[in-house]
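Visitor: Here it is, the structure in full.
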Amino acid sequence: TTVELADWLARARQGDAAAYCRVAAFHEARLYQQALALCANPQTAEDLASETLVAALRSLSRFDGSCRFSTWLYAILIRRHLQWRRRERSRPVSLASLPSREATDPVRLLEQVADPQPSASDSLVRREKAEQMLEAISRLPAIHQAVILLRYYEEASLAEIGAALDLPLGTVKSRLHHALAALRREPGLVNLFAMGGDS
């Protein structure tokens, strides 16, 4: 339960290794799916997820609860993935295939970012547009990818993103604004919402 998880996390922050193992086990499957969505390689995804959990343990004292632990973990995963990309000099990441959970379905992600207007398009067309948007996200600079992924994939608030990335709120807003502006300029992507009062 959520209460048990919070208790395990509190004990882990006090140095209880067994409690951290429980916390890690709780997040491991989703973290792997997130890693797989980023790199599209099962072995690499497994390595990234493991490295993320180890890195989180080593820096657990820096987690202050100002964002969800899952958001903090995902921010670490993004950084590990970007390091892996630099190391491997791999081609731009493909995000067209996300984990099969409702909150991260490509069509739902498109609906979150697009204006909520009725559409006559069938589900296939909508999915194709969603995948185009995810491919466009993969072409953003790393600093913009991170805020977009945390905002619309992890569904983190701007304050949580700032806490997870150790950035001032104004910087988070600026990066998200520029990322969305870049997405609006992508061919085939229309009706992306303006930042406005997003918080």
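The values are calculated or read from the model by the stated rules, or taken from the named source; none is laboratory data. Please read these numbers as outputs of a predicted model, since none were measured by experiment. Counting neighbours? That spans all protein chains shown, and the Cβs are built from the backbone with ideal geometry, glycine included. Surface areas here come from the heavy atoms of the whole protein model, side chains and all, with no ligands, DNA or RNA. Shrake-Rupley method; radii C 1.70, N 1.55, O 1.52, S 1.80 Å.
Visitor: Are there trypsin sites (Lys or Arg not before Pro) in the stretch 46-91 that DSSP puts in a loop and that have at most 10 other Cβ atoms within 10 Å, and which ones? Walk me through the numbers on the way to the answer.
Guide: Details: sites: Arg58, Arg62, Arg68, Arg79, Arg80, Arg85, Arg86, Arg87, Arg89; in loops: Arg68, Arg89.
Qualifying residues, ordered by number: Arg89.
Visitor: What nm distance separates the two modelled labels at Leu169 and Asp16, each placed 7 Å from Cα along Cα→Cβ?
Guide: 3.4 nm
Visitor: Which distance in nm do the two modelled labels at Glu186 and Ala142 give, with both placed 7 Å along the Cα-to-Cβ direction?
Guide: Output for this residue pair reads 2.0 nm.
Visitor: Between Glu88 and Ser59, what is 0.36 nm times their sequence separation minus the Cα-Cα distance? Round to one decimal in nm. Show your work: numbers first, answer last.
Guide: Values: separation 29, 0.36 × 29 = 10.44 nm, distance 2.49 nm.
Taking Glu88 through Ser59 to full extension adds about 8.0 nm, to one decimal.
Visitor: With θ set to phi - 60° and the Karplus curve 6.51 cos²θ - 1.76 cosθ + 1.60, what are the ³J(HN,Hα) couplings of the stretch 143-160 in order, to the nearest whole Hz, using x for Gly and Pro?
Guide: 5, 8, 4, 4, 6, 5, 5, 5, 6, 9, 9, 7, 6, 7, 6, 4, 5, 5
Visitor: Tell me, what is the 1.4 Å probe accessible area of His177, in Å² to the nearest 10?
Guide: Near enough 90 Å² of accessible area.
Visitor: Hey, another quick one. At 7 Å along Cα-to-Cβ for each site, give me the label-to-label distance between Ala6 and Arg30 in nm.
Guide: 1.6 nm
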